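Take a look at the structure set out below.
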Amino acid sequence: MFAALRSNRDRAIVALAISNGARASELLGMKGVDVDWRDQLVRVVRKGAQAEQWLPASAEAFIWIRLYQSEGTPLDPQAPLWWTLRRRDRGEGLIHQPMNYEALRAVFRRANALLGTNWSMHDLRHTAALRMARDKRLSLRDVQTILGHAHLSTTADIYLVEDEEQVIARVQEYLADVKERAALPPPSPATGYEASDLDVLFGGEFA
């Protein structure tokens, strides 16, 4: 999908979405001032609550943003971050227009037509969430906060889905450990204890 994109603008948007799972509307609403280069954070306005929130993003995403901006796109901190690549006339002459959801959908349509796929921005959010949910370094509360879910149960119900193959592999590993432990000789009684006394205490052969 990434290789099929035509511009650094599109690569920057996809890199942001895949790194923190922000929604399409949240990313498209960003302004220049919403990019924190030093701490590698981006600020979005959350869907529903309309609350501002800073989100971490990957170093690669910031590289693509920088490449996009180096191509001559507007850099006004209070102006939209994302602009159309071509100038359009909407009554004010030929000028760049803020990128909207339909323009972003067109980006995905072109890439999907080339690849024979059906990817969407929601797929990127879902992929980012699954990656975070399966990483042992992140708690479910961490994932909930980054995704902007109001309730922890929403995060758990959607993203704590175990891959069947991974479950089978873990159970097979467990069974192999049980078999190996069963083949080990019984442990010796601790110093100062007689095996016969332990047999009486535990009702059978000490093991």
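Looking at Arg134, Arg125, Arg86, Arg109 in this structure, which one is basic (Lys, Arg) and in contact (Cβ under 8 Å) with a residue 12 or more places away in the chain? Explain how you work it out, then say what you get.
Values: Arg134 fails: in contact (Cβ under 8 Å) with a residue 12 or more places away in the chain; Arg86 fails: in contact (Cβ under 8 Å) with a residue 12 or more places away in the chain; Arg109 fails: in contact (Cβ under 8 Å) with a residue 12 or more places away in the chain.
Step by step, each of Arg134, Arg125, Arg86, Arg109 is checked, and only Arg125 is basic (Lys, Arg) and in contact (Cβ under 8 Å) with a residue 12 or more places away in the chain.
In the stretch 39-65, which residues are among the charged types (D, E, K, R), at pLDDT below 95 and open to solvent by 30 Å² or more (accessible area, probe 1.4 Å)?
Quick first cut of the stretch 39-65, residues among the charged types (D, E, K, R) only: 39, 43, 46-47, 52, 60.
Retained after the next criterion (residues that are at pLDDT below 95): 46-47.
Selection gives Lys47 alone.
Among the residues of the stretch 151-164, is any open to solvent by 70 Å² or more (accessible area, probe 1.4 Å), modelled with pLDDT under 70, within 30 Å of Arg43 (Cα to Cα) and part of a loop (DSSP other than H, G, I, E, B)? Checked against the condition, which is being open to solvent by 70 Å² or more (accessible area, probe 1.4 Å), modelled with pLDDT under 70, within 30 Å of Arg43 (Cα to Cα) and part of a loop (DSSP other than H, G, I, E, B), the stretch 151-164 yields at least one hit.
Of the numbered criteria (1) under 17 Å from Arg11 (Cα atoms); (2) in contact with a Leu (Cβ under 7 Å, 6 or more places away or on another chain), the one Arg66 fails is (2).
The values are calculated or read from the model by the stated rules, or taken from the named source; none is laboratory data. This one's a predicted model, so the numbers in the text were calculated from it and none came from an experiment. Neighbour counts are summed over all protein chains in view; Cβ atoms, including those assigned to glycine, are modelled from backbone coordinates with ideal geometry. These accessible areas exclude ligands, DNA and RNA; they are computed on the full protein's heavy atoms, side chains included. Shrake-Rupley method; radii C 1.70, N 1.55, O 1.52, S 1.80 Å.
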